[in-house]
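Structure first, then comments.
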Amino acid sequence: MSGNESLARLDPYRVMVWGPGGMGAVAIWEMSQTKAFELVGVRAYSAAKHGQDVGELLGLPAMGVTASTDVDSLIDIECDCIIYTPRDDGTHNADEELLRLLAAGHNVVTPLPYQSIHLVREAAFVERLEAACRQGRSVFHATGVDPDVISDRVLLSLTGMCTDIQSIKLQENWEMESTAGELLTLIGYGKSPEEAQKFTAAVDIAVPFFKAIGYTVAEQLGVRYDRVEITHDYIMADTDVPSPNLLVKAGTVGRVTHRFMGYCDDRGVDPFFTFETNWVLGHEMLPEGILPDQYWVMSIEGRPSIKTAIDLKASLASNERFYQVGNLKTDAGYHATIAPCLQAIPVICRSEPGILPGFSPKTRWMSDFRSI
């Protein structure tokens, strides 16, 4: 299924979606909006979904494709690529299934935290991944809105305007109002900071993403961190913060802030690179200096210095943030995460077997321009 293909392709790419949850549902819907892709299979993880038409399962018109929990039969389906979107619990729970799919000859693209895998996982697992690709003559690629599009492509492209850089800060601000109340509680919202710190699942899920972003920036810019710090802060609300799914009372957690900080001693005492992600409930809980609707804020202190912000909405005209996808209300960020997965499929199908790295800009600031 890998190898050279004509750049001009008239037939649709045959795609399976592995996991029709929130992210997989967006992938299924987005593919239904274009003639470039044909959905040929869906891997469900719930017995209740087995045998159901995927469209009807999501509250959409019937699609003629049924969800299945029968992995063996799904593996036998001929397809160009699998979009792999099951739930990640921070324990590398997807490893074995990914290896099986690749070894069976299926190309895979995923937004799960496998970006820059050689920088964040042990060498033994990277070798297993490469071996599975060799066995199945398949291609593996991890992408998404962040890590990848924002941190690797947009941010690194901005450094192309700099002749020197002292520090870089990337802030991601994710509003959590649409998150189910039980999940908010598990993250720690509405609890004291001391109680919230006992819930480690969200941290376990987040840390691999932070590492992928932080170490990729260092590799691409040709710097080496002398030390790295990863912190998790639970910020209390000053006043009651109502949200659709949970009331946060004053004095309890209303924002969770995670930071990756990479220090380069030759660049000063402050971090050379900081990635900060803020999970907030309500505009009241945004960090100081962050305006509503600023999904990402990028600040580069250098020659010259640069600051830019990116907004993300379903529609700028209506200011609507969500899409209605069947019976799901989907955040624009989910669609931005699936977009690079879909865009990568033609490249994956033209690539030689192996791990396909990210699409970082060819020119950018480097600590030594002779390295470009």
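The values are calculated or read from the model by the stated rules, or taken from the named source; none is laboratory data. Every value quoted in this text rests on a predicted model; they were computed, and no experiment measured them. Counting neighbours? That spans all protein chains shown, and the Cβs are built from the backbone with ideal geometry, glycine included.
Which number in (1) among the hydroxyl-bearing types (Ser, Thr, Tyr); (2) crowded, with 16+ Cβ neighbours inside 10 Å; (3) under 25 Å from residue 160 (Cα atoms) marks the one condition that residue 308 misses?
Only one criterion is unmet by residue 308, namely (2).
Only one of (1) at pLDDT 95 or above; (2) outside the structural domain of residue 131 (by TED's automatic domain parsing); (3) not β-branched (Val, Ile, Thr) fails for residue 316. Which number is that?
Condition not satisfied by residue 316: (1).
Filter the stretch 126-150 for residues that are more than 17 Å from residue 88 (Cα to Cα), of a type outside the set (Gly, Ala, Ser) and part of a helix (DSSP H, G or I) and give the result. Outline the logic, then answer.
Step one: of the stretch 126-150, the residues more than 17 Å from residue 88 (Cα to Cα) are 126-140, 148-150.
Subset that is of a type outside the set (Gly, Ala, Ser): 126-130, 133-135, 137, 139-140, 148-150.
Hits for the stretch 126-150 are 126, 127, 128, 129, 130, 133, 134, 135, 148, 149, 150.
Across the stretch 334-372, what is the total count of residues that are farther than 30 Å from residue 323 by Cα, out of contact with any Cys (no Cβ under 9 Å at 6 or more places or on another chain) and of a type in the set (S, T, N, Q)?
3
Could you tell me which numbered condition residue 195 fails, if it satisfies all but one of (1) surrounded by 20 or more Cβ atoms within 10 Å (Cβ to Cβ); (2) modelled with pLDDT of 90 or more?
Result: residue 195 passes all but (1).
Mind counting the residues in the stretch 310-357 that are within 30 Å of residue 56 (Cβ to Cβ) and under 19 Å from the mean Cα position of the chain (by Cα)?
Total meeting the criteria: 24.
Would you be able to say whether some residue in the stretch 231-251 is surrounded by fewer than 18 Cβ atoms within 10 Å (Cβ to Cβ), under 22 Å from residue 271 (Cα atoms) and either of a type in the set (S, T, N, Q) or in contact with a Phe, Trp or Tyr (Cβ under 7 Å, 6 or more places away or on another chain) (or both)?
Yes; the residues of the stretch 231-251 include at least one that is surrounded by fewer than 18 Cβ atoms within 10 Å (Cβ to Cβ), under 22 Å from residue 271 (Cα atoms) and either of a type in the set (S, T, N, Q) or in contact with a Phe, Trp or Tyr (Cβ under 7 Å, 6 or more places away or on another chain) (or both).
Just checking, does the stretch 97-111 include any residue being within 15 Å of the chain's Cα centre (by Cα), surrounded by fewer than 24 Cβ atoms within 10 Å (Cβ to Cβ) and not aliphatic (A, V, I, L, M)?
Within the stretch 97-111, none of the residues are within 15 Å of the chain's Cα centre (by Cα), surrounded by fewer than 24 Cβ atoms within 10 Å (Cβ to Cβ) and not aliphatic (A, V, I, L, M).
Would the stretch 272-280 turn up any residue that is touching a Cys at 6+ places or on another chain (Cβ under 7 Å) and touching a residue at least 60 places away in the same chain (Cβ under 8 Å)? Lay out the reasoning, then the answer.
First, the residues of the stretch 272-280 that are touching a Cys at 6+ places or on another chain (Cβ under 7 Å): 272.
Retained after the next criterion (residues that are touching a residue at least 60 places away in the same chain (Cβ under 8 Å)): 272.
Yes.
Among the candidates 129, 170, 183, 155, single out the residue that is on the phi < 0 side of the Ramachandran plot and modelled with pLDDT under 95.
Working: 129 fails: modelled with pLDDT under 95; 170 fails: modelled with pLDDT under 95; 155 fails: modelled with pLDDT under 95.
When all the criteria are applied, what remains is 183.
Can you confirm whether residue 48 is without any contact (Cβ under 8 Å) to a residue 40 or more places away in the chain and out of contact with any Lys or Arg (no Cβ under 6 Å at 6 or more places or on another chain)? Walk me through how you get there before you give the answer.
Working: without any contact (Cβ under 8 Å) to a residue 40 or more places away in the chain: yes; out of contact with any Lys or Arg (no Cβ under 6 Å at 6 or more places or on another chain): yes.
Here the answer is yes, as residue 48 does meet what is asked.
Hey, among 299, 360, which residue is under 30 Å from residue 256 (Cβ atoms), over 16 Å from the mean Cα position of the chain (by Cα) and among the small types (Gly, Ala, Ser)? Break it down into steps so the answer makes sense when it comes.
Working: 360 fails: over 16 Å from the mean Cα position of the chain (by Cα).
When all the criteria are applied, what remains is 299.
Give all pairs with beta carbons closer than 7 Å in which a residue from the stretch 51-62 that is over 20 Å from residue 73 (Cβ atoms) meets a residue that is of a type in the set (S, T, N, Q); count only pairs at least 6 apart in sequence or on separate chains.
From the stretch 51-62, the pairs are 58/327; 59/327.
Just one of the numbered conditions (1) closer than 16 Å to residue 176 by Cα; (2) under 20 Å from the mean Cα position of the chain (by Cα); (3) in the same structural domain as residue 252 (by TED's automatic domain parsing) is not true of residue 275; which one?
In the conditions (1) closer than 16 Å to residue 176 by Cα; (2) under 20 Å from the mean Cα position of the chain (by Cα); (3) in the same structural domain as residue 252 (by TED's automatic domain parsing), residue 275 misses (1) alone.
With the requirement that a residue be over 30 Å from residue 219 (Cα atoms) and either in contact (Cβ under 8 Å) with a residue 60 or more places away in the chain or aromatic (Phe, Trp, Tyr) (or both), what does the stretch 241-271 give you? Don't jump to the end; show me each part of the working.
First, pick out the residues of the stretch 241-271 that are over 30 Å from residue 219 (Cα atoms): 241-255.
Hits for the stretch 241-271 are 243, 244, 245, 246, 252, 253, 254.
Among the residues that make up the stretch 116-124, is at least one of them outside any helix (DSSP H, G or I) and surrounded by fewer than 16 Cβ atoms within 10 Å (Cβ to Cβ)?
To start, the set of residues in the stretch 116-124 that are outside any helix (DSSP H, G or I) comprises 116, 121-122.
Checking the rest, the ones that are also surrounded by fewer than 16 Cβ atoms within 10 Å (Cβ to Cβ) come to 122.
Within the stretch 116-124, one or more residues are outside any helix (DSSP H, G or I) and surrounded by fewer than 16 Cβ atoms within 10 Å (Cβ to Cβ).
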